Amino acid sequence: MSYTKYGIRPDLVERVKVKMKNPVTKDKVKMLLNGVTKYDLQDRLKVKKLVRAAAGVLQEPLTELQEEQLISFVLGQKIDPNNTLHLIKLWAMFR
């Protein structure tokens, strides 16, 4: 599924992709997501905290609507961070 189906704007995705190329920022986001399980990524409250924390690290101010769109996207993908196929699918979606 494409992120645009959730209302996430491509310009936001492009800004985040550029910021993630910075090794320091990338490491901060990796540390933030270290130890996250598929059950964490299906819990709305935990996902909301992760989205807010990641937005803070990336210095991306998000509106309530953007936050909800990102949360819905993450919940809709049913991501398992230990499943290589899930990670490849996400990588392909954002390349």
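The order of the peptides 30-42, 70-82 by mean Cβ neighbours within 10 Å, most packed first, is 70-82, 30-42.
A Gaussian network model of the chain, with springs between Cα atoms under 10 Å, assigns the largest mean-square fluctuation among VAL24, VAL13, VAL51 to VAL24. Here the extension length gained between ARG52 and LYS38 equals 3.2 nm, from 0.36 nm per residue of separation less the Cα-Cα distance.
Heavy-atom surface analysis with a 1.4 Å probe gives the chain a carbon and sulfur content of 61 percent of its accessible area.
Loop-resident GluC sites (Glu not before Pro) (DSSP state other than H, G, I, E or B) in the chain with no more than 15 further Cβ atoms inside 10 Å of their Cβ are absent. Averaged per residue, the chain has 69 square angstrom of accessible surface, using a 1.4 angstrom probe with ligands and nucleic acids left out. Give me the base-10 log of I(q)/I(0) for the stretch 3-94 at each q in 0.15, 0.22 Å⁻¹, Debye formula, one uniform scatterer per Cα, rounded to two decimals. Taken in order of the listed q values, log10 I(q)/I(0) reads -0.57, -1.41. Label separation (ASP27 vs ILE88): 3.0 nm, computed from points 7 Å beyond Cα along the C-beta direction.
The values are calculated or read from the model by the stated rules, or taken from the named source; none is laboratory data. All values derive from a computational prediction rather than experimental measurement. We place every Cβ from the backbone using ideal geometry, glycine too, and count neighbours over all the protein chains shown. With ligands, DNA and RNA removed, areas are computed over all heavy atoms of the protein, side chains included. Shrake-Rupley method; radii C 1.70, N 1.55, O 1.52, S 1.80 Å.
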